[in-house]
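S.K.: Dumping the structure here so I can ask a few things about it.
The values are calculated or read from the model by the stated rules, or taken from the named source; none is laboratory data. Remember, predicted model here, so these are calculated numbers, not experimental data. When we count neighbours, we look across all protein chains shown, and the Cβ atoms used for this are built from the backbone with ideal geometry, even at glycine. What goes into the accessible areas is simple: the full protein's heavy atoms, side chains included, and nothing from ligands, DNA or RNA. Shrake-Rupley method; radii C 1.70, N 1.55, O 1.52, S 1.80 Å.
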Amino acid sequence: MSLKSLYVTHDGPVVQVRFNTPENGNAITERVLDDLLAVLGAVHDRPDIRVVVFSGAGENFCTGGDRREFGDQLDTDPTGAGLRTTGGKARRVCDALATTSAVTIARLHGQVIGAGLALALFCDLRVGADDCRFRLPELALGLPAAWGGSLPRLLQEAGTARIRELILTGAGFDAAQAERLSVLHRVVPEAELDRVVDEWTRPVVRRSASALRITKALLNSYASSSRLADASLLDAELMASVIAAGRTGNA
């Protein structure tokens, strides 16, 4: 698979996906979303793939959405149509991460910000280097906390009270706090990240493909059973509307 923003390797039942634009902090652009959709679509069609590991090249896992691209899209269409398209792709990527039958692992280091944190949260297992830094900067940037349906997932994984504080203040938090919030399952020195990924991968690849698929479906079903309505379906519309309004001075 030839991709511009990701470096993908395939070794038997394990696929490694590395965000590969360190020059911009592995920011999430529309190209990245297109490439992720291509990879996850291919994984969906390959039941023999049991594990997908996501990592980042360079100093950071992912520094969030590309705000310059937001501006370019608004220059092209001030109504925000391009932003809505990108927001829809973000939702499809997060849905694909949540529903793939493969076990997804986020291998985190450096900065994990905004959309990067959202993508990591949709992975089944998350390990971070002990010097990781996390942040939810959307409100401080004049944006709603609406990207890819990540807010319900974040509240579910980490708890409403603490996430409310982090979103409203925009305060950063470290790996130790991320582990206490269940944003991370494990925290280790960066040199040990691959060891933890391997510890998780080895037993998973031995599991029955059908049992693994059904178990993940059950986990997803039980996790969402208490949500009567999913307001995150409006994320793309909300994000585009707020950014467009801000550009025209109506925010």
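S.K.: Select from region 161-180 the residues that are more than 24 Å from P144 (Cβ to Cβ) and within 18 Å of the chain's Cα centre (by Cα) and write down the one among them that is most open to solvent (accessible area, probe 1.4 Å).
M.R.: Filtering region 161-180 for residues that are more than 24 Å from P144 (Cβ to Cβ) and within 18 Å of the chain's Cα centre (by Cα), the one most open to solvent (accessible area, probe 1.4 Å) comes out as E179.
S.K.: Check every one of the strands (runs of 3 or more DSSP E) wholly within region 1-59 and list those with 3 or more residues that are open to solvent by less than 40 Å² (accessible area, probe 1.4 Å).
M.R.: 14-19, 51-56
S.K.: Identify, by number, the condition in (1) under 18 Å from S150 (Cα atoms); (2) modelled with pLDDT of 85 or more that R195 doesn't meet.
M.R.: If we test R195 against (1) under 18 Å from S150 (Cα atoms); (2) modelled with pLDDT of 85 or more, just (1) comes out false.
S.K.: Would you pick out the residues in region 98-112 that are under 14 Å from the mean Cα position of the chain (by Cα), modelled with pLDDT of 95 or more and open to solvent by 10 Å² or more (accessible area, probe 1.4 Å)?
M.R.: Passing the criteria: R107, Q111.
S.K.: Another question, if that's okay. With closer than 26 Å to G172 by Cβ, at pLDDT 95 or above and among the β-branched types (V, I, T) as the only criterion, which of V39, V14, V53 stands out?
M.R.: V53
For (1) of a type in the set (K, R); (2) under 24 Å from D66 (Cβ atoms); (3) in contact with a strand residue (DSSP E or B) (Cβ under 8 Å, 6 or more places away or on another chain), each residue gets a yes or a no:
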{"residue": "R107", "(1), (2), (3)": "yes, yes, yes"}
{"residue": "R126", "(1), (2), (3)": "yes, yes, yes"}
{"residue": "L154", "(1), (2), (3)": "no, yes, no"}
{"residue": "E157", "(1), (2), (3)": "no, no, no"}
{"residue": "E179", "(1), (2), (3)": "no, no, yes"}
{"residue": "V187", "(1), (2), (3)": "no, no, yes"}
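S.K.: For region 143-191, which helices (runs of 4 or more DSSP H) that fit wholly inside it have 3 or more residues that are at pLDDT 90 or above?
M.R.: Qualifying helices (runs of 4 or more DSSP H): 160-169, 175-180.
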